[in-house]
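Notes follow once the structure below has been shown.
The values are calculated or read from the model by the stated rules, or taken from the named source; none is laboratory data. All values reported here derive from a predicted model rather than from experimental measurement. All Cβ positions, glycine included, derive from the backbone under ideal geometry; neighbour counts span all protein chains shown. Just the protein is used for accessible areas: all its heavy atoms, side chains included, with ligands, DNA and RNA removed. Shrake-Rupley method; radii C 1.70, N 1.55, O 1.52, S 1.80 Å.
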Amino acid sequence: MSKEIKVIVVAGARPNFMKIAPLMKAVAAHNAPPGPGGPRIAAQLLHTGQHYDEAMSEVFFRDLGIRPPDINLEVGSGSHAVQTANVMTKFELVCEREKPDWVVVVGDVNSTMACTLVCSKLGIKVAHVEAGLRSYDRGMPEEVNRLVTDALADLLLTPSEDANENLRREGIPDDKIECVGNIMIDALVANLPQSRQRPLLAQLGLRGQDFVYVTLHRPSNVDNQSSLSAIMAHLHRLAKRLPVVFPLHPRTKKMCAQFGISLGDNPGLRILDPIGYHDSLCLTENARLVLTDSGGLQEESTYFRTPCLTLRPNTERPVTVTVGSNKLTNIEQLPEDLDAVLARESRFGQIPLLWDGHTAERIIARLLRQG
Ligand code: UD1
């Protein structure tokens with residue numbers, strides 16, 4: 001086995017940052033003397049620049065203690081084809097120059113798929129962290145990204161056993177698949193001390209378990225005028241019962257402006273700019289209820305056993321429903337589901353297996369075994 005394994009770790013968009021933070025930390029721990037042995041891992045951190053605003057990117061590097069990227073492709077926004085193509089064109093040059101042994105990609109954003117495609121053509125091995133998740137809804141751009149990434153990756157590191165089953169059904173051999181657990185929970189566990197120090201609740205005048213934390217940004221909810229108007233009407237009604245905290249994703253803000261949807265002056269509805277990682281964990285841990293269409297929040301609320309309503313017809317994270325505190329809902333069903341959740345106990349569900357804060361170590365161990 002060689003003395004050094006050269007790895008590029010890729011991140012592009014907000015939900016990637018909490019997945020690469022534990023990985024970079026585990027690499028540093030592996031390399032630190034005396035270390036657990038085995039070859040050194042020379043890891044470069046590459047940011048594609050898919051997300052670029054301070055509030056969508058830098059704040060996460062700061063909160064999570066991630067060192068600045070070694071390489072930034074600065075691709076910015078664009079249509080799916082433009083963004084994917086820009087990542088591919090620029091990443092190919094990096095791969096030809098750096099010649100990594102492995103590229104590690106995480107999650108399901110356009111950057112994940114674009115970098116995997118480049119590697120598969122150049123014969124560079126790819127490890128996909130958070131492999132095997134399926135919503136079985138190809139109308140979601142992320143589902144296409146997951147299918148392409150998993151079909152091409154050499155090592156498929158999954159968060160839960162249902163993901164292994166999905167991959168086996170697609171004919172992926174067992175020796176490429178390993179259930180390593182949920183990497184996001186590593187970040188969550190490591191950052192609880194800081195999130196519990198945040199002054200946000202006091203600043204907003206909120207008490208624990210007496211507010212609803214809302215995040216919505218999926219094109220299926222916010223890119224359509226009638227659904228976005230209906231959702232906002234529900235939120236205004238809900239905010240009369242208990243405070244609603246709603247940090248606006250740039251896509252959602254843009255669509256509200258485009259459709260002329262006023263955010264109103266309802267004192268119970270607190271519209272915020274996007275918030276950082278620690279503030280989001282603080283809200284998730286303390287909310288009476290989370291209403292979201294985010295994948296990550298379904299998992300984080302499951303860890304905290306905070307009730308979660310997911311405004312989507314499906315989820316690629318079914319374990320959050322079968323084991324955790326999550327339930328799928330839709331615009332028509334929402335009032336009834338809100339009533340039902342608010343009527344039951346304020347915490348329920350269990351934490352899935354291997355969501356234990358040690359996933360990054362298992363990933364490093366597997367990469368070293370693979371060589
Ligand atoms: C992307 C991911 C999605 C993830 C989400 C989290 C894909 C296909 N989608 O969706 O899986 O859940 O990130 O945020 O990869 N914008 C800014 N500042 C930024 C980034 C974006 O203002 O830093 C605006 C731009 O106007 C852009 C829009 O937000 O057009 C959408 O950004 P984009 O990266 O295309 O998709 P997201 O909806 O963020």
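Projecting the Cα positions of 113, 76, 64 onto the charge dipole of segment 25-118 (unit charges on Cβ atoms of Lys, Arg, Asp and Glu, taken about the Cα centre) puts 64 furthest along the positive direction.
Largest GNM mean-square fluctuation across 211, 348, 17, computed for the chain with C-alpha springs under 10 Å, falls on 348. The fraction of accessible area contributed by carbon and sulfur in segment 193-343 is 50 percent, rounded to a whole number (1.4 Å probe; ligands and nucleic acids excluded). For segment 299-306, putting each phi into the Karplus relation 6.51 cos²θ - 1.76 cosθ + 1.60 with θ = phi - 60° gives couplings of 7, 5, 5, 4, 4, 7, 6, 7 Hz, in residue order, rounded to whole numbers and with x for Gly and Pro. Each part reduced to its alpha carbon centroid, segment 160-227 and segment 114-154 end up 19 Å apart. Between the C-alpha center of segment 73-89 and that of segment 309-363 there is a gap of 32 Å.
Compute the acute angle (0 to 90°) between the alpha-carbon long axis of helix 250-259 and the principal axis of greatest extent of the alpha-carbon atoms of the chain; round to the nearest 10°. That helix lies at roughly 40 degrees to the long axis.
Our coupling estimate for segment 37-52, obtained by passing each phi through the Karplus curve with A = 6.51, B = -1.76, C = 1.60 and θ = phi - 60°, is x, x, x, 5, 10, 8, 9, 9, 9, 10, 9, 6, x, 4, 10, 9 Hz, Gly and Pro reported as x. Comparing 34, 318, 22 in a Gaussian network model of the chain where C-alpha atoms under 10 Å apart are linked, the largest mean-square fluctuation is found at 34. Take the Cα of residue 203, go 7 Å toward its beta carbon, and the backbone nitrogen atoms of segment 252-293 under 18 Å from that spot belong to 269-287.
Using packing as a proxy for protection, rank 76-82, 232-238, 219-225 so that the peptide with the highest average count of other Cβ atoms within 10 Å comes first.
232-238, 219-225, 76-82
In Å, what Kirkwood hydrodynamic radius results for segment 193-343 from the alpha-carbon pair distances? Evaluated over segment 193-343, this radius sits at 15.4 Å. The packing ranking of peptides 297-304, 135-142, highest mean first, is 297-304, 135-142, where packing means the average number of other beta carbon atoms within 10 angstrom of each residue. Here the Karplus relation 6.51 cos²θ - 1.76 cosθ + 1.60, evaluated at θ = phi - 60°, turns the backbone of segment 80-87 into coupling constants of 4, 5, 5, 5, 4, 5, 5, 4 Hz, with x for every Gly and Pro. A crude spin-label estimate for the pair residue 369 and residue 330, with each label 7 Å from Cα along the Cβ direction, gives 4.3 nm.
Protein heavy-atom surface of segment 32-190, 1.4 angstrom probe: 54% of the accessible area is carbon and sulfur, with nucleic acids and ligands not counted.
Once the gyration tensor of the Cα atoms in the chain is diagonalised, the equivalent ellipsoid follows with semi-axes of 35, 22, 20 Å, ordered largest first. In this label model, residue 99 and residue 53 are separated by 4.2 nm, measuring between points 7 Å along each Cα→Cβ vector.
Please state the charge dipole magnitude for the chain, taken about the Cα centre, from unit charges on C-beta atoms (+1 on K and R, -1 on D and E), reported in debye and rounded to the nearest 20.
Value, rounded to 20: 420 debye.
GNM on the chain, alpha-carbon springs under 10 angstrom: the most fluctuating residue among 290, 106, 27 is 27. Ignoring lysines fewer than eight residues from residue 125 along the same chain, the ones with Cα atoms less than 21 angstrom from its Cα are 3, 6, 19, 90, 99, 176.
Under the rule of -39500 (n - 2.57) per DSSP H run of 4 or more residues, summed and divided by the residues of the chain, what mean residue ellipticity at 222 nm is obtained, to the nearest 500 deg cm²/dmol?
-13500 deg cm²/dmol
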